[in-house]
Amino acid sequence: MTNKEDILKRTEDFAKNFFQKEYTGHDWWHTSRVRVLARKIAVEEKADLFIVEMAALLHDVSDYKFFGGDDKAGLSFVQKWLSSLEISKREKEDILKIISHISFKNTLPGLADKEKDVSTIILSKEFMAVCDADRLDSIGAIGIARAFTFGGFYKRKIYEPSIRPNKKMTQEEYKTTDAPSINHFYEKLLKIKDMIYTKLGKKIARKRHRFLNLYLKEFYKEWKGKL
Ligand code: ADP
Ligand code: NI
């Protein structure tokens with residue numbers, strides 16, 4: 001086993017352990033799927049596979065939801081892990097840069113926090129591969145399963161026709177909303193297709209987007225008791 005393979009294996013175990021008791025759709029298997037898909041995209045884009053796999057494995061370990069809503073606490077937890085490994089300063093920075101800019105929430109209008117604004121960083125191939133893979137896992141059949149899992153965990157209703165989706169949420173509203181899970185399709189999932197960076201990512205997104213629309217069509221049909 002090379003040094004890099006060993007680091008990846010140790011990081012995989014670290015992430016697996018971190019997500020052991022996770023039931024909101026952000027579990028280990030989400031991380032595992034993101035790793036696999038990010039790698040495929042990275043091969044097409046000729047990106048650095050080590051950086052991509054490391055960032056994919058750690059991208060949700062830093063999630064604010066696991067640190068009482070605090071983005072910074074999560075990031076410093078990952079920073080500590082990276083410092084314990086024999087990787088260069090440059091590699092560590094590249095991984096952290098991807099992780100700190102990946103969140104969908106941070107693409108929504110929020111406080112003037114330039115650090116978090118993805119448009120202020122140079123989009124690297126590695127960032128695009130991991131970010132696309134993460135976003136693709138929130139749409140399609142798996143994305144639907146994750147949305148309702150998240151909704152159930154946070155005691156959200158499946159659907160409430162009187163509560164209209166808010167397509168122009170701020171970061172704060174996104175974090176605190178208690179809207180039904182169907183609204184999330186309009187507030188995030190259906191927007192994903194146009195937020196994908198890579199060629200392969202776009203191809204996958206088109207297929208998964210069609211599936212979301214098909215699902216919604218069936219959902220409303222059944223809701224109205226149509227045959
Ligand atoms: P990010 O960490 O990129 O901001 P999210 O936390 O938005 O990502 O999403 C994590 C998962 O939970 C995704 O599958 C997402 O679609 C789902 N999710 C987030 N918010 C909601 C919600 N209000 N209702 C249903 N699913 C949600
Ligand atoms: Ni993720």
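Laboratory data are not the source of any read-out in this text; all were calculated from the coordinates shown. Note that this is a predicted model, so its numbers are computed, not measured. Here Cβ is always computed from backbone atoms with ideal geometry, including for glycine, and neighbour counts include all displayed protein chains.
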Over all alpha-carbon pairs of region 95-219, lay out the pair-distance distribution in 10 Å bins, whole %, shortest bin first. 12, 41, 36, 11, 0
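At a 10 angstrom cut-off on C-beta neighbours, averaged per residue, how do the peptides 162-172, 41-51, 202-212, 126-136 rank from highest to lowest?
Details: 162-172: 13.2, 41-51: 18.2, 202-212: 16.1, 126-136: 26.7.
The peptides rank, most packed first, as 126-136, 41-51, 202-212, 162-172.
Find the relative contact order for the chain and round it to a whole percent, using C-alpha pairs within less than 8 Å whose residues are 6+ positions apart.
Numbers: 260 pairs, mean separation 46.2, N = 227.
About 20 percent, as a whole number.
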Quick calc: nm separation of the 7 Å Cα→Cβ label points for F14 and K217 -> 4.6 nm
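Taking every pair of distinct Cα atoms and averaging 1/r, then inverting, what Kirkwood hydrodynamic radius in Å comes out for region 150-227? Mind showing how you got there, number by number?
On the way: mean 1/r = 0.0716 Å⁻¹.
Over region 150-227, the inverse of the mean reciprocal pair distance is 14.0 Å.
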Listed highest first by mean packing, meaning other Cβ atoms within 10 Å per residue, what order do 75-84, 217-226 come in? 75-84, 217-226
Sorted from largest down, what three extents in whole angstroms do the Cα atoms of region 1-91 have along their principal axes? 36, 26, 22
Can you tell me the 0 to 90 degree angle between the C-alpha axis of helix 89-101 and the longest principal axis of the chain, rounded to 10? 10 degrees
Excluding near-sequence neighbours (fewer than 8 apart on one chain), region 5-98 holds lysine pairs with C-alpha atoms under 16 Å apart numbering 7
Put +1 on the Cβ of every Lys and Arg and -1 on every Asp and Glu Cβ in the chain; which of Y154, N213, G225 then has its Cα farthest towards the positive end of the dipole? G225
Once phi is turned into ³J(HN,Hα) by the Karplus curve 6.51 cos²θ - 1.76 cosθ + 1.60 with θ = phi - 60°, what whole-Hz value does each residue of region 214-227 show in order, with x for glycine and proline? 4, 4, 4, 4, 5, 4, 5, 4, 5, 4, 8, x, 6, 8
With +1 on the Cβ of every Lys and Arg and -1 on the Cβ of every Asp and Glu, the dipole magnitude of region 3-223 about its Cα centre, in debye rounded to the nearest 20, is 820 debye
When only alpha-carbon atoms count, how far does region 3-223 stretch along each of its three principal axes, as whole angstroms with the largest first? 55, 36, 34
Could you state the number of Å between the C-alpha centres of region 24-96 and region 167-200? 22 Å
